[in-house]
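> Structure in structure tokens, see below.
The values are calculated or read from the model by the stated rules, or taken from the named source; none is laboratory data. Not measured: the values here are computed from a predicted model. With ideal geometry, Cβ positions are generated from the backbone for all residues, glycine too; neighbour counts draw on all protein chains shown. The protein model used for the area step is the full one, side chains on, heavy atoms only, and it has no ligands, DNA or RNA in it. Shrake-Rupley method; radii C 1.70, N 1.55, O 1.52, S 1.80 Å.
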Amino acid sequence: MAKTIPVIDLGPYLAGTPGARERTAAEVGNALETIGFYFIGKSDITPSGKRYSVGDVVASIHKAMLRFR
């Protein structure tokens, strides 16, 4: 059975939508537990950090994930 790599939309999280951090963390956690990988889609993240730093956003999401384990 072929599985697809999830595409996680960070837009609500980056916009500060209430509950988005927790929902995004849950999506990332599920992706890592079931597939082992995920893509980030529909975001304003730039590699070097003009608006958001990739490293900062990913670290924040992974930190939130750990709180739900």
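> Which residues, taken from the range 8-25, are under 9 Å from the mean Cα position of the chain (by Cα) and among the hydrophobic types (A, V, I, L, M, F, W, C)?
I8, L10, A25
> Determine whether I5 is aliphatic (A, V, I, L, M) and modelled with pLDDT of 85 or more.
Details: aliphatic (A, V, I, L, M): yes; modelled with pLDDT of 85 or more: yes.
So I5 fits the description; yes.
> Follow-up question, since we're still on this one. Which of the numbered conditions does S53 fail, given that it passes all the others? Conditions: (1) under 11 Å from the mean Cα position of the chain (by Cα); (2) at pLDDT below 75.
(1)
> Would you confirm, using the coordinates I've provided, whether G19 is surrounded by fewer than 11 Cβ atoms within 10 Å (Cβ to Cβ) and either small (G, A, S) or at pLDDT below 85 (or both)?
Numbers: surrounded by fewer than 11 Cβ atoms within 10 Å (Cβ to Cβ): yes; either small (G, A, S) or at pLDDT below 85 (or both): yes.
Yes; evaluated as a whole, the condition is true for this residue.
> Here's something else I'd like to know. If you check every pair at least six apart or on different chains, which have Cβ atoms under 7 Å apart with a residue in the range 1-25 that is outside any helix (DSSP H, G or I) first and a residue that is open to solvent by less than 50 Å² (accessible area, probe 1.4 Å) and of a type in the set (F, W, Y) second?
Between residues of the range 1-25 that are outside any helix (DSSP H, G or I) and residues that are open to solvent by less than 50 Å² (accessible area, probe 1.4 Å) and of a type in the set (F, W, Y), the close pairs are I5/Y38; P6/Y38; I8/Y38.
> What residue, among those in the range 22-50 that are of a type in the set (G, A, S) and over 13 Å from M65 (Cα atoms), is modelled with the highest pLDDT?
Filtering the range 22-50 down to residues of a type in the set (G, A, S) leaves 25-26, 29, 31, 36, 41, 43, 48-49.
Checking the rest, the ones that are also over 13 Å from M65 (Cα atoms) come to 36, 41, 43, 48-49.
On the way: G36: 87, G41: 78, S43: 63, S48: 56, G49: 50.
For the range 22-50, the residue satisfying everything is G36.
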